[in-house]
Structures are given as C-alpha cells and as structure tokens.
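K.L.:
I'd like to ask some things about the structure below.
The values are calculated or read from the model by the stated rules, or taken from the named source; none is laboratory data. Computed from a predicted structure; not experimentally measured. Don't worry about glycine lacking a Cβ; one is built from the backbone with ideal geometry, like all the others, and counts go over all protein chains shown.
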Amino acid sequence: MKTYEQINNSIESGKAVVLTADEIIDYVDKKGLAAAAKEVDVVTTATFGPMCSSGCVLNFGHSKPKIRMSEAWVQDVLVYTGLGAVDVYLGATQLRHRDPENMDYPGEFRYGGGHVMEELVAGKTLQLFALSYGTDCYPLREIRTYFTIEDLNQAIMVNPRNCYQNYNVAVNDSERTIYTYMGTLEPNRKNANYCSAGQLSPLLNDPYYETIGVGTRVWMAGAHGHVYAEGTQHAGGCERTPEGIPKGGAGTLALTADMKQMREEFVRGVSFRGYGVSLALGIGIPIPILNENILKRTCVRDREILTPVVDYSVDYPQNTGKVLCYVNYEQLRSGEIAVEGRKVSVGSLSSYYKALEIANLLADEIRSGSFRLAEPIAYLPKESTMRPLLIREKPS
Amino acid sequence: MSQTVTKKLMLFFPQCECDKPIIYHLVKDHNLIINVFRAKVTPEEEGYLVLDVTGTEEDIERGMDFVKTFNVSINYTGKGVIWDQEHCTHCGHCVTHCPTGALYISNRATREVAFCEAKCIECLECIRVCPFGECTSAF
C-alpha cells in the first residue's frame, strides 16, 4: 500500500519507478504482482485520436476603443460569443464559413475548428473578425485583426468529452460506400475501423475509476492539465466483462489545460471525407500504484478487452442498439477480424504509435520529477447510464 | 543477355510534347515494356507522367536519353504520390484502403505506418481517406 504523498516524494527525489501500461504487463508476469506492486510507483497510460467534444476558450484582451463581440470568426471559423466581451469559445467540429459541406457529396471538409486549434498551438498568425451592435461602454462595431497565441491573455482548452473508455468497431453492411466519423467504410462489410489505444488507453487501465477522478493531473499534448468533471455521456454503469472491462463506450473525461504549453504534433485538425472536421489530441494519464488491485488492472491486455462491432449504415444511424458481435483488440491489431464467419480487414483512427510515444514522454517527465501526481478531489460515477433523447409530442 | 529490371519514374514536361508519340518510341525503338499509372496535361500545357519501365539497364538508359531530347525532367525518386513521414500520425486508416499494400503497418508492436513507393499504383485513394492530409499528389 502506498499513498499519493509517498509516490510524490519518490517523484520529487527522482527515484520513482515508472513503467508504461505496455511495459507493465510483462514486468508483472516476471516479478509477480506483490513484488511489482511494492516496487512500481506509477504506470503511464495514453491515447491519441479524434475527440470531437473538444474546444478552447480564448481571451483576446481589449482593443482601443473597446468592443463587446457579438459575432466572431477566427480564420473564418465561427466562434461562440455568448460570454464576456472578449471571451470566445472555439469548437473543434465547427466548419469554416461557406464550407460546401456535403453539397458535392462526399464533401472534403478541409478546414475547421480543429485545424484552427492546431495552427494556434503551432504559433501561426490567425485572423480575428468580429461584429458588435455597439454599447455605451463598448462602442466599436467591427474589428479585423491578426494575432498569435502569444498575444492572447488565455488560450485554455476546455473539452467536455475526451478519452472514451472503449469504443465501437464500425462496419458498413450496405451496398454503397459510407462516410462517417469512423472514417470511410466500404460496402458489403469490406473494412472495419476501430478507435482506441486498447491496453494503453487510460480508462481501460482504471476501469472502475479508482485513481482517475476530478482533479487528476493529466498530460494534454505536452501541457499539464487536469480532469475537471466526468465527461459528457459518461456511463460507468455499462455492461462489463467478468474482469470489469466495459464492453462499449462507458466512461469519459472532461479535460482542461493551457494551450500555451502544448506541442503542435499532439494537437491535430482532422478532416473526415463526407462527415466533417474534428480534432485529434494526445493525452497521457498516470496511474498511481496505490495497491495490488490497481496494479493488476493496469496489466489488462488487448485480448481481454472486448468491443462491439456495429453496422454504421443502418444500426448506428437508426439507433437500433444492434451489435453484430464482439471482438478484442488483439484481433483488431492483427489487421483482420472475423464477423459472422467472414474476414474483414481492419483499419484504425486512433494512433497506437503516438499513444506509445506519449506514454513514454509522460513516464520520462515523472522520472525526472517534472510531473507530480494529483489526488482526485471527487470520483467519477460508477453506476450512471446514458439517456436517449426522446422525440415527444408538444405538451398540450 | 542482360537481366531486365523495372523502374518507376515520374516524367515532367515543362512544355507539353503532346503531339509526339514518345511512349510508342520507347516501346518500338528501345524494347521497353511500359505501364502507365497516371498522366496529366495541365491547362498551362505542363505534362506529368508516372510509369513503370521494364527492360535491360542499357535499353532503359537509351530510352531515357531519347526522352531527355524532349526537354523533360526525369524523377527517379519522388513520385506522383507523396507521403509525409514526419507529420503522419500512424493512425492506420489508410492501410485498408490502399489496394496494393503500398501503405502498410511496418511494425506490429508499435503500429507504425510505412510507405513502399514501388508498390504504389497512384490510385490516390490515400489522399481521399487520410484525415490528416498527409498524402498528397505532385500534380
């Protein structure tokens, strides 16, 4: 048994024993659970993939004369201005003004909020255009100017939903190619796409949210941020394997961090043909090895993590809830799965390569003493389930 | 008899020579087997041609000397499809869409993606499916 304080003391003295969730599996096999739990202080987990419910709050400071922005665009991407005078919220999936969308189907969706966030972190010069109705205290009616992240008072990523605990595998049972947020899916179940770091993914290494909670310090694209709430659609009370691994979406995290500390290679705008734009983000989360049980759960292997295969031509869009079958991540990573006796080739949207890189970068930061762990101030709900949106008649 | 080899080339014609049957002469006069992957003439009359040539080293050399008489630049390395290795995130979305396995997982443990130019037939599907825009066309 260790406490957060003891682990942080080890980190501070540069003596912390840190392994990635990838390395810990063989390590525990070799050393045994009890000995490894005494020795290991932290296991690092990570993920890199598209996370649509992401965005950032930007504060521009005041111009001379002042403006209370009532409509605003950054790089021609609409931002939300229903906040204080010069605060805006830029969302990852917002398209650039006049994007042709799916008018010439499938659309290309070349640029949107996620791309603006990537350019902002990369230090590029961006355009702000804003309108106002003008007030006695904020007389300016229109502004067009250029800025970099350095010019902003704050650029804080505030993401309502990141790090889905587990995720569907998407296939297409129709006879035409479909274009989804799970990528391009060819007809007649020719390919399948998944999107999770599997055995390296944060919440799959802490399936009952014993260490990852509100207040947990996280590595977000190189910045030190934290979990500020349960993520939207968090549903800890989902179906689980006998070992406790969720057999679908389940838990999510709401994360925040300072974009001025982020690295551009981990904040990437994405364009999904025929679907839209989003943001791919790299996140690392340390798991303190407080006891043997927590260590045991970090030893989860790809083959023990089941995920549902879902048809995205009918069952997903019509919300039928039908699952074709369950497969595990070892099968997915082999590049081929069997669905109803037929072979399907497998692609991914989540980068295991980048997730490994992040898990190692975070491990290095902890070993060097520059990343300390934070104990949660509140835990994520384990029992909640996801509610549907009912289409009701207007009440009389 | 010398061994035959296959080389993938991109030819760039700054001023298009569309009226001249260059490929015909490569086949007829220089004994080369030609497999054209992609060809384009721009409105500025620049011409691009990506092809495999198969023949003996000597025949290929003679053939290329002939091609050079048309003010053509021959690119033996950078082809028509460019994969940006530095910015690729290695998500692997392209892999199932690439019909020839030119884009493939080169390391099963790390899921690293690699690109084998020789296998690329320039169908351009990777350009359409890459969410990060890391595959592009030279023309």
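K.L.:
Kindly indicate whether any position in the stretch A:156-177 is out of contact with any strand residue (DSSP E or B) (no Cβ under 9 Å at 6 or more places or on another chain) and surrounded by fewer than 14 Cβ atoms within 10 Å (Cβ to Cβ).
P.N.:
yes
K.L.:
Moving to a separate point now. Give just the number: which of (1) assigned to a loop (DSSP other than H, G, I, E, B); (2) surrounded by fewer than 21 Cβ atoms within 10 Å (Cβ to Cβ); (3) modelled with pLDDT of 95 or more does A:A34 not satisfy?
P.N.:
(1)
K.L.:
Let me ask another. Would you check if B:V81 is away from chain A (no Cβ under 14 Å) and in contact with an Asp or Glu (Cβ under 6 Å, 6 or more places away or on another chain)?
P.N.:
Here the answer is yes, as B:V81 does meet what is asked.
K.L.:
Can you confirm whether A:V323 is in contact with a Gly (Cβ under 9 Å, 6 or more places away or on another chain) and not in a loop (DSSP other than H, G, I, E, B)? Talk me through it step by step, then tell me what you get.
P.N.:
Values: in contact with a Gly (Cβ under 9 Å, 6 or more places away or on another chain): yes; not in a loop (DSSP other than H, G, I, E, B): no.
Answer is no for this residue.
K.L.:
Can you find, within the stretch A:5-50, the residue that is farthest from the other protein chains (Cβ to nearest Cβ) among those that are of a type in the set (D, E) and under 23 Å from the mean Cα position of the chain (by Cα)? Don't jump to the end; show me each part of the working.
P.N.:
Of the residues in the stretch A:5-50, the ones of a type in the set (D, E) are A:5, A:12, A:22-23, A:26, A:29, A:39, A:41.
The next check asks that each one be under 23 Å from the mean Cα position of the chain (by Cα); those that pass are A:22-23.
Details: A:D22: 9, A:E23: 12 Å.
So the residue we want is A:E23.
K.L.:
Would you check if there is a residue in the stretch A:207-228 being closer than 17 Å to A:D315 by Cα, in a loop (DSSP other than H, G, I, E, B) and in contact (Cβ under 8 Å) with a residue 12 or more places away in the chain?
P.N.:
No, every residue in the stretch A:207-228 fails to be closer than 17 Å to A:D315 by Cα, in a loop (DSSP other than H, G, I, E, B) and in contact (Cβ under 8 Å) with a residue 12 or more places away in the chain.
K.L.:
Moving on to the next point. Which of the residues that make up the stretch B:99-126 are within 13 Å of chain A (Cβ to nearest Cβ), within 24 Å of A:F272 (Cα to Cα) and either charged (D, E, K, R) or in contact with a strand residue (DSSP E or B) (Cβ under 9 Å, 6 or more places away or on another chain) (or both)?
P.N.:
B:L103, B:Y104, B:I105, B:R111, B:E112, B:V113, B:A114, B:L124, B:E125, B:C126
K.L.:
Something else now. Quick one: which residue in A:E375, A:E383 is in contact with a Gly (Cβ under 8 Å, 6 or more places away or on another chain), outside any strand (DSSP E or B) and under 18 Å from A:G248 (Cβ atoms)?
P.N.:
A:E383
K.L.:
For residues in the stretch A:102-119 being acidic (D, E) and assigned to a loop (DSSP other than H, G, I, E, B), which is farthest from A:M220 (Cα to Cα)?
P.N.:
A:D104
K.L.:
Separate question: Which condition does A:Y89 not pass, out of (1) at pLDDT 95 or above; (2) out of contact with any strand residue (DSSP E or B) (no Cβ under 9 Å at 6 or more places or on another chain), if it passes all the others?
P.N.:
Of everything listed in (1) at pLDDT 95 or above; (2) out of contact with any strand residue (DSSP E or B) (no Cβ under 9 Å at 6 or more places or on another chain), A:Y89 misses just condition (2).
K.L.:
Report the residue count in the stretch A:257-280 for those that are of a type in the set (S, T, N, Q) and away from chain B (no Cβ under 11 Å).
P.N.:
Within the stretch A:257-280, the subset of a type in the set (S, T, N, Q) is A:261, A:271, A:278.
From what's left, away from chain B (no Cβ under 11 Å): A:261.
Residues in the stretch A:257-280 being of a type in the set (S, T, N, Q) and away from chain B (no Cβ under 11 Å): 1 in total.
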